[in-house]
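Here the structure is laid out as C-alpha cells; the discussion comes afterwards.
Coordinate-derived values only; no laboratory data. All of these numbers come straight from a predicted model, not from anything done at the bench. Backbone-built Cβ (ideal geometry, glycine too); neighbour counts: all protein chains shown.
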Amino acid sequence: MTKKRAILIGIVIIVLSFAYTLLFGKLFPFSPVAIGFTRHELPHTVIYVQDGSKFTNYSLIDNCTINVEMFHQLKFKRKPVLYIFSSKASYFRRTTARTRFCVYPNGSMVIAPWSINEAKNGIISLEIYITHELSHVLLQQNMSYYAAYRYPPWLMEGIAVYSSHQMGTSWYPDKRTTYDLIRHNNFFPPNLYKTDREDSIPLHVENRIAFMYSEFACIVDYLITQYGEEKFYRYMKGLFHNHNHDQFFNEIYNIEFHDFLKEFIASVHT
C-alpha cells in the first residue's frame, strides 16, 4: 500500500468516525440530522421526539418560553431545540449527560426518558425543569461562547432556580428551610462551585447539590429584594460583556463580593 493511499484511507476512517459520532454518538446534540426522531415545529420551540416515546404535550414545553423571556427581560435569538429520548441506552449513547436534562453550548437541550416518567408520577414538575433549562438556553443565546464560559456558574444556576420557582419542589429546599440550614453552619461559597475545591466544603444537608442550588437562588432573591431589580438586571446582563465578576459586582453594588456574602449570611441570622 502506498503512503498516499494509506493517508486517504486514514482520512476516510476519520470522516466516517466523526459522522457516526455526530449521528449516533456523543456529538448528537450538535447534529443537523436527528435519525430516529420526529420533528415538531412549534411557535417558540423545535422539539424532536425519539421513536417510541409517548410524550405528546408539546404545548407545555412551548409555553415555557414566554415566562422565561418575561423574567429575564430578554428574547430568544432563535427557537430552542429540544430532544426527548425514549430509551435510556440511547440517551447515554448519544449524549454526554447523566442528569435528567442537559443544555449544550449550541443551545440544544436533551431530555432523559426517566424525567418524563417522573413528571407523570408527580416526582418532578416537567414545566419547572424545562423552565430552569430554558433559562440557561436564553442566557447563552444572548452572550458569546467565551462569555458563557466565564459567566459565574453559581449565578447561572441561581437565576434558573429562582426564575422557575424551583425552591420547595421535589428535593429542593424552600427559602425558609435553606435559611435554616445556613443558620446551622451550612454555607457553600458560590465562587467555588464547579471548581476543584467544590468537594472540600462540608455540608450537613440531605441533598448537597439541591441545597447549593437553593442557596444560589436565595442569593439572587436577596439581590433583587434588597438592591432592586434594576441593579440586578444590569448585573446579570452586564456579565455578558464584562468578564471580571468581582470587579463588575463592585461597580454595580458598591460593595466587594466577599463583603456582600457576609452581609447575606448576616441577614439570614436576623
Candidate cut points under trypsin sites (Lys or Arg not before Pro) in the range 218-262, DSSP loop plus at most 14 other Cβ atoms within 10 Å of their own Cβ, are none
Mean separation of Cα contacts under 8 Å (at least 6 apart) over the residue count of the range 1-160, i.e. the relative contact order in percent, is 20
Given GluC sites (Glu not before Pro), DSSP loops and at most 14 other Cβ atoms within 10 Å, the longest exposed-site-free stretch of the chain is 1-205
For the range 90-134, averaging the sequence separation of alpha carbon pairs under 8 Å that lie six or more residues apart and dividing by its residue count, the contact order in percent is 30
Rounded to two decimals, the Debye log10 I(q)/I(0) of the chain (Cα scatterers, no solvent) at q = 0.09, 0.17 Å⁻¹ is -0.48, -1.39
The range 3-142, convex hull of Cα, quarter of hull surface, nm² -> 9.7
Hydrodynamic radius by Kirkwood for the range 126-171, inverse mean 1/r across distinct Cα pairs, in Å, is 11.0
Largest first and rounded to whole Å, the semi-axes √(5λ) derived from the alpha carbon gyration tensor of the range 87-149 read 23, 15, 6
Contour minus Cα-Cα span, Lys26 to Asp174, at 0.36 nm per residue, comes to 49.7 nm
Mean separation of Cα contacts under 8 Å (at least 6 apart) over the residue count of the chain, i.e. the relative contact order in percent, is 14
In this structure, among Lys79/Lys175; Lys75/Lys237; Lys175/Lys237; Lys77/Lys194, pairs with alpha-carbon gaps over 21 Å are Lys79/Lys175; Lys175/Lys237; Lys77/Lys194
Gyration tensor on Cα atoms of the range 220-270, a ≥ b ≥ c root eigenvalues, a/c under 1.5 rounded, else prolate if a/b beats b/c, else oblate, says oblate
